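**Student:** Questions regarding the structure given below will be posed in turn.
The values are calculated or read from the model by the stated rules, or taken from the named source; none is laboratory data. A quick note: this is a predicted structure, and the numbers were derived from the prediction, not measured. Don't worry about glycine lacking a Cβ; one is built from the backbone with ideal geometry, like all the others, and counts go over all protein chains shown. To get the accessible areas, we keep the full protein, side chains included, count just its heavy atoms, and leave off ligands, DNA and RNA. Shrake-Rupley method; radii C 1.70, N 1.55, O 1.52, S 1.80 Å.
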Amino acid sequence: MYTEKILTLPAYQFLTENKFLGKNIIYLTISGSKAYGTNNENSDTDIRGVAVESLDDILTGKSFEQIEDDKTDTVIYSLRKFFKLCAECNPNVLEMLGTRPEDILFMNDAGKKLRDNAEIFLSKLAYQKFVGYATAQLRRLQNSLAHDSYPVKEKNLHIIKSIESMLLACKNEYGLNNAKINFELGEEILISVDAKNLPLKKFLAMNAGLNTMLNNYAKLNHRNRKKDDNHLNKHAMHLIRLYLTGIDILEGRGVTTYREKDLPLLKKIRAGEIPFDEIFKMVNSYEEKILAAYENSRLPDFPNYEKIDALLLEIIKN
């Protein structure tokens, strides 16, 4: 069933033995650093895939969302979960549709339809998602480097910049462009809101999105220099990669997972050859570029849900 040698190893027997997988798998691809082209001699082989739930399992509530195998770094998404995450422009899932042909381990006709129709999932939501994921990487990096001695005002400045970028996308997404929201930098971040007659549900939804981002800022990575230098360089590399991939999508170039043109830069970052101060300057530049890409993007505000639903039903029924 699977032609790639790695899948014939005993560790991957669960792919054929699990009742939800086996013949229900329609797509398997290499993921992670090997898919980006940023891997080194210590990189694991990550595999991501999609399996179709049977109608019986869906109707009886016995279907699954995703199946993970930690030993092999493998995650298989149910078709419905995969479609949902792609429609949200989730970077970790969307990138599965942009891997190189040589990184595809298995793909049947249904899997090919996913690849061929990747554009129906793309929208301006990519800005919010990719900036959000990049922001989380940035904060982990800063927290790990800085510990408690990092100046509070400088931390807050990065937070404000990220919030202001995210806020633009949130206001557009929830139709709250009439709301005037300003931030002031100090020992604490102060906020001023000037708005009238806002739909409560939309306002709360926007706040929830911003709160999620702030929670990401609060997750500290404690610094262990001997063990974690390589880990920090990896964070920095993924941070820049997320901006580059998001810019591609918003500028209409689709999902490009293997970053061939960017590999010299990304590999230097991963190898620790670029100082973190320089990386932070690059982040400021890429924040401006991805915002400009968002503001000038020809993508729709939201994905084509009608086509997404039609493709989902077509694959499930067949």
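**Student:** By the scheme Lys and Arg +1, Asp and Glu -1, what is the net charge of all other residues having a beta-carbon under 12 Å from that of ALA110?
**Tutor:** Overall, the nearby charge balance is +2.
**Student:** Report, in listed order, any pair from LYS71/LYS268; LYS71/LYS234; LYS19/LYS267; LYS112/LYS201; LYS5/LYS267 with a Cα-Cα distance greater than 32 Å.
**Tutor:** Beyond 32 Å: LYS19/LYS267; LYS112/LYS201.
**Student:** Taking the full set of protein chains and a 1.4 angstrom probe, give the accessible area of PHE106 in square angstrom, rounded to the nearest 10.
**Tutor:** 40
**Student:** To continue, here is another question. For region 20-74, what is Rg from Cα atoms divided by 2.2 N^0.38 Å, rounded to two decimals?
**Tutor:** Cα Rg divided by the expected 2.2 N^0.38 Å: 1.41.
**Student:** Please list, ordered by chain and number, the residues whose modelled amide H lies under 5 Å from the amide H of GLU88; skip anything fewer than 5 residues away on the same chain.
**Tutor:** none
**Student:** How big is region 86-130 on each of its three principal axes, counting only the C-alpha atoms and giving the largest first in Å?
**Tutor:** Largest to smallest, the principal-axis extents are 31, 17, 11 Å.
**Student:** Then there is this: Given 0.36 nm per residue, what is the gain on full extension from LEU190 to ILE6 after removing their alpha carbon distance, in nm?
**Tutor:** Contour length minus Cα-Cα distance gives 60.9 nm.
**Student:** Restricting attention to region 1-56, which GluC sites (Glu not before Pro) occupy a DSSP loop and are surrounded by at most 10 other Cβ atoms within 10 Å?
**Tutor:** Passing sites in region 1-56 are GLU41.
**Student:** Below 8 Å, C-alpha to C-alpha, sequence gap of six or more: please give me the relative contact order for region 1-130 in percent.
**Tutor:** About 27 percent, as a whole number.
**Student:** In region 30-61, which residues have a backbone nitrogen under 12 Å from the label point lying 7 Å from LYS19's Cα in the Cα-to-Cβ direction?
**Tutor:** 57
**Student:** Calculate, in nm to one decimal, what GLU288 and ASP69 gain on full extension: separation in residues at 0.36 nm each, minus their alpha carbon distance.
**Tutor:** 75.0 nm is the gain from fully extending GLU288 to ASP69.
**Student:** Looking only at region 91-118, which residues have a backbone nitrogen under 18 Å from a spot 7 Å from the Cα of LEU263 in the C-beta direction?
**Tutor:** From region 91-118, the list is 98-104.
**Student:** Using the Karplus curve 6.51 cos²θ - 1.76 cosθ + 1.60 with θ = phi - 60°, work out ³J(HN,Hα) for each residue of region 119-124 in order, rounded to whole Hz, and write x for Gly and Pro.
**Tutor:** Computed from phi, the couplings for region 119-124 are 5, 6, 8, 7, 7, 5 Hz.
**Student:** LEU265: accessible area at probe 1.4 Å, nearest 10 Å²?
**Tutor:** So the heavy atoms of LEU265 present about 50 Å² to solvent.
**Student:** What percentage of all Cα-Cα pairs in region 236-318 are separated by more than 23 Å?
**Tutor:** 39
**Student:** With contacts defined as alpha carbon pairs under 8 Å and 6 or more residues apart, what's the relative contact order of region 1-59 in percent?
**Tutor:** 31
**Student:** Calculate the FRET efficiency for ILE316 and GLU119 from the Cβ-Cβ distance with a Förster distance of 22 Å, rounded to the nearest 0.05.
**Tutor:** 0.60
**Student:** From the phi of every residue in region 304-313, what ³J(HN,Hα) in whole Hz does the Karplus formula 6.51 cos²θ - 1.76 cosθ + 1.60 yield, where θ is phi - 60° and glycine or proline is x?
**Tutor:** In residue order, the calculated couplings are 7, 5, 5, 5, 4, 4, 5, 5, 4, 5 Hz.
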